Structures are given as structure tokens and as C-alpha cells.
Amino acid sequence: MAAPKHPDKWIKTDSNGLYCSALDAYIDPMQPVKRAIVTHGHADHARPGHGEVFATPQTLQIMQIRYGDDFCETPRALPYGKTVNIKKGQLHFAPAGHILGSAQAVIDFAQHRLVLSGDYKRHYDPTCEAFEVTPCDVFVTEATFGLPVFKHPNIDDEMQKLLDSMQLFADRCHLVGVYALGKCQRLMLSLRGLGYSKPIYLHGALIKLCEFYQSQGVDLGAWIPVTEVSDLKSLKGELVLAPPSALSDRWSRKLPNVMTAMASGWMQIRARSKQRRAELPLIISDHCDWPELIQTITQVNPREVWVTHGREQALVHQAQKMGYKAKALSLIGYDEDES
């Protein structure tokens, strides 16, 4: 009897990304393809124009919000834990803890299990389901913050810095750059947990996804679109959230006496915070830091570790030191900014 086909025989990389021949499907492909498995709704992973798309119900709804009703030809909603047969293999999703609806793609074929984690984090986040450790033969992990220097603080500690600044500089409008999907809602929920009950003012680009999170049972508290504020001078002493691109454009210059902040895992790097012109850098990431990457590999305990985008070589070296067979997949095209 022939030996079972190792995953490196049915998982390949090409210009579109990661291709699984057992399912005849790409995972988070760069360009439109016949069949796509989409791990989560961030734009560098969830792109429009595919034929068939397998994703969690929340991810499909996010894609619809962002791209319209015709974002793909055939959406296939696959809730966590439900298994579907595709071509020669099986697929199910496990929570990834990254953002609402984010998933690890668990592929079973030829007596092997491969888990493609997508983007994931291990820090507590009440806006989405927590990462689920799934034992497997091959674990495919990101390495966005895959260097020992990266260790993310608790989000509540960073949000307390924001609240302290608002108290100290009570005459300034605090404008915080946040990514519309995941970061914005997580930040709002942290503030509510710390007792901030005032309305939070939102740039128009954040509205639809905040409404979606609320429709999914995530209570963000009171918020008001900035477009509904007749006198922008009244925002002195208030908190305004906006996409990072708005921090330096004409829109932000209409706000009174602005204190600019930026929420990102990259804010622990001084050059990045200067690049964003952030007077108040807030280190808040939706990805694993170095200790969490090591913790996850240990808990999953696969036979092999494959590393995708990010600081691949450092994590490959560390996994090898831990006794695992490891290699880098060298995927390109995934955006580090929504981190």
C-alpha cells in the first residue's frame, strides 16, 4: 500500500498564494480564482471576484458590506466546527481569535491534518471567539510580529493611557487612528470596560462595520457620526476614532486642538509612530506577539511548522530549536498595516 501523501505534495504556493490541490482551492488568494477559502474579512485576505467562497457566515457578511452583493458568484457559509467535503478532502473552520468571524482552515486529506491559522491572536478579545488550539500534523502560522523584541501589552493598560491623556489634556480633541475592522470595535469595548460611558465620535468610514458588530451582539455603547456634529468646536475634550489615513488629511484639520494617537502593534517601534505622526502611540495588536507564537506552536504540537508572511526566518529558526521540522513559505502580498 502506498504511503499517505504528505501535505507538501498537495499544498503549493504560486502567484495567487497558497493552493490546496486536494480541495482544488486557494486559501486567501491574491487574485480572483474558481474556489477560495477565506480565513477572515481583512481586505488583504478577503478579495472580491472569486467563483466559490468558503468562509464563516460573519466573514461572508463582512465581504458583502465591503464589496457589495456580488462580491463572489457562490458564497458558502461554513460555521465553526461544521465539516464539508470538497473534492478529495474535508474542510472545517476553527476560531482564530483575530477579528469577528476569523477562522483557521482545518484540512483533512490522505490521513494528514493541516491547519492554516490565518491571522490569529491569543490576547483576550470579547469582540470575537477565542483562538482554538487544534492538534495537527502541519501547522501553518503567520509571523507578523515574529521577533523576540515584540511583546504586546494588555489593551486595557494602553486604553488607560488614552483616558489619562484625555483627563490631563481636557481641552484637546483626542483623535485615534484605528482600522475599521476589528481594532475599532475592540478599542471601543475596552474603553467601556474601563468605565468610559460618554459617546464616542466616529469617522464615516467606521460606521458600517460598527453597525455590523452591534448586529452580532457586540455592545459598543453610544457613538455618534462626526457628520452629525453641527459645530466641530464642540468636540474639544471628546474622543474621535478615524481610519489611519484620516489622521493627516484635511478632515482631521477641521477638529479642534487635536491630540493625535494611533492604535497598532507597530507603535512600539519609534520610527513607525513618527511615520504616523502619533503624539500618543497606543500599542494594540490583533496578532500574536513572540511569546504567544511560541506558546501556540507548543500547544498545537504539530509534526511540522510552516511559516507564512512576516518575520519568517526567526520563527522558523526558533521552531527548529524547539525540535520541530520547519520551513518558510515566503508568501507575499499580505498587508502588515492592519496589525
- Message: Can you tell me which residue is farthest from the chain's Cα centre (by Cα) among those in the stretch 317-339 that are of a type outside the set (D, E, K, R) and at pLDDT 95 or above?
- Response: GLY323
- Query: In this structure, is ARG76 more than 25 Å from GLN214 (Cβ to Cβ), in contact (Cβ under 8 Å) with a residue 40 or more places away in the chain and either in contact with a helix residue (DSSP H, G or I) (Cβ under 9 Å, 6 or more places away or on another chain) or open to solvent by 30 Å² or more (accessible area, probe 1.4 Å) (or both)?
  - Reply: no
- Message: For the stretch 14-45, give me the residue count where each residue is touching a residue at least 60 places away in the same chain (Cβ under 8 Å), open to solvent by 10 Å² or more (accessible area, probe 1.4 Å) and of a type outside the set (Gly, Ala, Ser).
- Response: 3
- Query: Restricting the search to the stretch 128-142, which residues are hydrophobic (A, V, I, L, M, F, W, C) and either over 19 Å from ASN301 (Cα atoms) or outside any loop (DSSP other than H, G, I, E, B) (or both)?
  - Reply: CYS128, VAL138, PHE139, VAL140
- Residues located in the stretch 92-114, provided they are buried (at least 24 other Cβ atoms within 10 Å of the Cβ) and not in a loop (DSSP other than H, G, I, E, B): PHE93, ALA103, GLN104, ALA105, ILE107, LEU114
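Rundown of residues vs (1) basic (Lys, Arg); (2) at pLDDT 95 or above, yes/no style:
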| residue | (1), (2) |
| --- | --- |
| VAL84 | no, yes |
| PRO95 | no, yes |
| SER102 | no, yes |
| LEU114 | no, yes |
| LYS121 | yes, yes |
| TYR124 | no, no |
| THR141 | no, yes |
| LYS161 | yes, yes |
| PHE169 | no, yes |
- Residue check, GLN275 against (1) modelled with pLDDT under 95; (2) farther than 13 Å from VAL176 by Cα; (3) open to solvent by less than 30 Å² (accessible area, probe 1.4 Å), all met but one. Which one? (3)
- Query: Out of curiosity, is ASP164 free of Cβ contacts under 8 Å to residues at least 12 places away in the same chain and over 24 Å from ALA328 (Cα atoms)?
  - Reply: yes
- Message: I'm checking my understanding of the structure. Among residues of the stretch 53-63 that are touching a Pro at 6+ places or on another chain (Cβ under 8 Å) and either open to solvent by 10 Å² or more (accessible area, probe 1.4 Å) or of a type outside the set (A, V, I, L, M, F, W, C) (or both), which one is nearest to ALA96 (Cα to Cα)?
- Response: THR56
- Message: Just checking: which of the helices (runs of 4 or more DSSP H) contained wholly in the stretch 143-250 hold 3 or more residues that are farther than 19 Å from ALA43 by Cβ and open to solvent by less than 70 Å² (accessible area, probe 1.4 Å)?
- Response: 155-168, 183-193
- Residue tally, condition in contact (Cβ under 8 Å) with a residue 24 or more places away in the chain, of a type in the set (A, V, I, L, M) and under 19 Å from LEU18 (Cβ atoms), over the stretch 298-325: 4
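The values are calculated or read from the model by the stated rules, or taken from the named source; none is laboratory data. These figures come from a predicted structure and were not determined experimentally. Glycine gets a Cβ as well: all are built from the backbone with ideal geometry, and neighbour counts include every protein chain shown. Note: areas computed on protein heavy atoms with side chains; ligands, DNA, RNA excluded. Shrake-Rupley method; radii C 1.70, N 1.55, O 1.52, S 1.80 Å.
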